[in-house]
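Encoded as C-alpha cells, the structure appears first; notes follow it.
The values are calculated or read from the model by the stated rules, or taken from the named source; none is laboratory data. What you see is a predicted model; the values in this text were computed from it and never measured. Heads up, the Cβs are rebuilt from the backbone with ideal geometry, glycines too, and the neighbour counts pull from every protein chain shown. In case anyone asks, the SASA skips ligands and DNA or RNA and just uses the protein heavy atoms, side chains included. Shrake-Rupley method; radii C 1.70, N 1.55, O 1.52, S 1.80 Å.
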Amino acid sequence: MEDFVRLFGGLLALVYHCFDRIVFLGHLPLLTRPENIVHFFRDVHGVGAITKEVLRQRTTEYNRWVDAFARNRQIPIEWAEKGVRKEDYVRPWLRRMERHDRYGVYFILKSMEIGTSFRSTTPKYPTADPDYRILSRQRSRYAHYYFYIRDPVLGPIALCVGSFLPFSITYYLNGHHFIEQQLRRAGVQFRKDDNAFLWVADQKTLQAAADALSAQIIRTRLEYWTLVVGPKFSKKDRHAINLGRRYSLQQVEYCRNLIFRRNFPIHKLFERSCDLGLLRLSADRIAQVFGWRLHKRLPGKLSSVLEKTQHGHHVLRAYAKNAVMRMYEKFSTFLRLEALSNNLKDFGLKKGLDNLDQVRRTLAAVTDRFAAFEAQALNVHVDFPLFQRLALPILAGSGRVPRIKIHDTRFLRLMEVLLHTGTKVLGWRTAEIHQAIVASFSLTPATYTLTQLRYDLRKMKAHGLLQRDGRRYAYRLTDKGTRVALLFVLFHQRVCGPLANSLFRRPPLHTPTPMSKIEGAYHKANRSIEQIIQLLAA
C-alpha cells in the first residue's frame, strides 16, 4: 500500500481501511440437536409426546409476540416484495429516524426463506414408550422476520430471526455506520456519501474509529437486541439450560478506500487497472495476493473477470476458493479495494467472533498485497533510457548477445504470451511456449520455429528479462521482464497500434478522396522519419 500511496500521493485526499459488511450467525448450542430438544421439552417442561403441534406452539407464540410488538410501538410490518432490495425499501423510515435522532426498531419485514427446523415423526413399529417420537433436523421453508434497527453504537443494523426452532438469528452490520457513530460522538466533522467517507477533519481519528470495532462491542449490542426482539424464554427455561448464544462470522468484507481530489484520475486509473488486471491476474498472482501456496489440488477456481453490476459501474473481481478480491469505482467519487471471505477456513482462521482482530489483520494484508500489485503494474512509464539499454548488445561470457528491438514482432508476440501464461506454477517449457505462440497468432511451425524461439529466449535471459525455474528448462518472467513486457505491449497497443492502423493507412480498393490537412501532415512526417532512419543506417 505504501507504493500505491507514494505513486499517487499527489492525487489522493484520503486513504483509510475498515470493515465493510459483516454477517454473523447467532445460534443456541443447546437447542441445535434433536437430543437437546427432547431434554428441553421432556425434562424441563414435562411434555410427553413431542409432536408437530408441540413444536409449532413455540412458533405460534413468537408470531403473536411480534405482531403485538409492532402494533404497540406502531412499527410497520409487511411482507417483503420479490425483486426489491430490502435495504432500499426501508431506507425512508431510516431517514425519518435519523431526522428525529431516535434509536430502536423502525421497520419489520417478513420473508419466506429456507432455514433449519426439526421434524417429529411417529416410529414405524410400536415401542415400549407410547410417547416416543423421532426428531430429526431438516431444511424447510418458513417465515423469517427482518428487524431493522438504528443502534446508538453500531448504527443501522438488521436482524433476521427464524420463527421455528432452533430460532437461529442472522445479524447484518456495516463498519462504516459504526465509524459514523464514533465520529459524531467525538465531535469530528466529516462528509459521507454512499457508504464511504469523502472528507474528514481528522484522518487519524477516522482510522482509530475504524480500528475500534471490536468483538466485545459487537457482542454486547447483539445480545441486547437479541433479548429485545428475539424469541422469549422464561426464567424456568434459563435456569434449566444455558441459553447463551454463540456468534460466528459467516461473511466478512474488508476494504481500503482511496478518495481522490478530483474525479478524472479515478476513472483513468480504474481503466488501466482493469486492463492490466485481466492481463496479469493469473493463477499464481491471485494466490500470492491471498497469501496461499499454489498447487494442483487447490480447491475452487482462480480467475479474474470484469463485471457490470446493477448499479451501473464495473467491478474487477479475482476469485480464489470461497474468497473474492474486488476493485471498483463508485459514482466517480472513490476507488475501493475490497476483500470478501465467505469461509474463513480458506485463510486458516476460525469463524468465532473472538477472532475478529485476526480476521482484520489477515484481510488487511490481502488488500495491501493487491494494492502493491496494482502499484507495480501501474508504475510502468515510457522510460527511453530503458529502450536505449535494450537496443544495445551485451556481453555474455566471451560472446555478445544481440539487442532487443521494440518494433520486433517476434519479441512482441513472445512477451504478450509470457504475460498471459508466463505465471504458471512451475514455469513454461520451450515447447509449451512455442505451442502457445503458434496457436495464439495463427502461425505455422515453419513460420516460427523452435530454433528461433530458443534464440529469442536466450536473448531475453541475457538481458535479465527471463529466468529459469531452478535447473529445469522452464522459464518465467522476472520482475524486470514483467515491467519491460508491459511497457512493450502497452506501447504498441496504445501508441503504435492506433497510429499504424489508423485511417491514414487506406486499403488498396479504397476510393481515392482528397487528403485532409492532418492526413497530409501525417504522411509528410512519416516520410521525414523514414529519411532520418535511412541516413542513420547509412
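Which log10 I(q)/I(0) values, to two decimals, does segment 144-190 give at q = 0.33 Å⁻¹ under the Debye formula with one point per Cα?
Values returned for q = 0.33 Å⁻¹ are -1.10.
Any chance you could look up the accessible area of Arg21 with a 1.4 Å probe, heavy atoms only, rounded to 10 Å²?
Taking all protein chains as shown, Arg21 has close to 80 Å².
Ordering Tyr328, Tyr89 by how much accessible area each has at a 1.4 Å probe, largest first, what is the list?
Largest to smallest exposure gives the sequence Tyr89, Tyr328.
Would you pull out the residues with amide H under 5 Å of Ser303's amide H, same chain only if 5 or more places away, H placed 1.01 Å from N?
Close amide H contacts, sequence-distant or interchain: Tyr319.
Roughly how many nanometres apart are two label points built 7 Å out from the Cα toward the Cβ at Gln216 and Lys308?
For the pair Gln216/Lys308, the computed spacing is 5.0 nm.
Whole Å is fine, so just give me how far the alpha carbon centre of segment 211-282 lies from that of segment 4-73.
Using only Cα atoms to place each centre, the spacing works out to 15 Å.
For segment 47-88, which trypsin sites (Lys or Arg not before Pro) are both in a DSSP coil and crowded by at most 16 other Cβ atoms within 10 Å?
Filter output for segment 47-88: Arg73, Lys82, Arg85.
Can you give the FRET efficiency to the nearest 0.05 for Ala128 and Lys405, using r as the Cβ-Cβ distance and R₀ = 60 Å?
Rounded to the nearest 0.05, the efficiency is 0.05.
As an exercise, identify the trypsin sites (Lys or Arg not before Pro) in segment 87-135 lying in DSSP coil whose Cβ has no more than 14 other Cβ atoms within 10 Å.
Of the trypsin sites (Lys or Arg not before Pro), the ones in loops of segment 87-135 whose Cβ has at most 14 other Cβ atoms within 10 Å are Arg102, Lys124.
How are the C-alpha pair distances of segment 1-69 spread across 5 Å bins, as whole percents from the shortest bin up?
3, 11, 12, 12, 10, 8, 5, 4, 4, 5, 7, 8, 6, 3, 1
What percentages make up the Cα-Cα pair-distance distribution of segment 121-222 when the bins are 5 Å wide from 0?
2, 10, 16, 15, 11, 10, 7, 6, 6, 5, 4, 3, 3, 2, 1
Going 7 Å from the Cα of Val44 in the Cα-to-Cβ direction, what parts of segment 223-243 have a backbone nitrogen less than 19 Å from that spot?
Zone members listed by number: 223-224, 226-243.
Between Glu113 and Asp354, what is the label-to-label distance in nm when each label sits 7 Å out along the Cα-to-Cβ direction?
2.8
Run the quick spin-label model on Arg471 and Gln531: label points 7 Å from Cα toward the beta carbon, then report their separation in nm to one decimal.
6.1
Which of Lys110/Lys321; Lys192/Lys301; Lys82/Lys330 have a Cα-Cα distance over 28 Å?
Correct reply: Lys110/Lys321; Lys192/Lys301.
Taking θ as phi - 60°, what are the ³J(HN,Hα) couplings along segment 115-120 by the Karplus curve (6.51, -1.76, 1.60), each to the nearest whole Hz, with x for Gly and Pro?
Residue by residue, segment 115-120 yields x, 7, 8, 10, 10, 10 Hz.
With every protein chain present, what accessible area does Trp428 have (1.4 Å probe, heavy atoms only), rounded to the nearest 10 Å²?
Trp428 exposes around 50 Å² with every protein chain in place.
Per residue, how much accessible area does segment 312-368 have with a 1.4 Å probe, in Å²?
Computed with neighbouring chains in place, this is 37 Å² per residue.
So for segment 186-254, Kirkwood radius off the Cα pairs, Stokes-Einstein at 20 °C and 1.002 mPa s: how many µm² s⁻¹?
After rounding, the answer is 137 µm²/s.
To the nearest 10 square angstrom, what accessible area does Asp101 show with a 1.4 Å probe?
The accessible area of Asp101 comes to roughly 100 Å².
Net charge within 9 Å of Tyr448 by Cβ-Cβ distance, Lys/Arg positive one each and Asp/Glu negative one each, not counting Tyr448 itself?
For residues surrounding Tyr448, the net value is +2.
First measure r as the distance between the Cβ atoms of Tyr142 and Leu12, then evaluate 1/(1 + (r/R0)^6) with R0 = 45 Å and state the FRET efficiency to the nearest 0.05.
Plugging the Cβ-Cβ distance into 1/(1 + (r/R0)^6) gives 0.35.
For segment 1-126, take the convex hull of the Cα atoms, compute a quarter of its surface area, and give me that in nm², please.
In nm², the orientation-averaged hull projection of segment 1-126 is 15.5.
Give me log10 I(q)/I(0) at q = 0.09 Å⁻¹ for segment 187-339, Debye formula, one equal scatterer per alpha-carbon, no solvent.
Debye output, listed in q order: -0.48.
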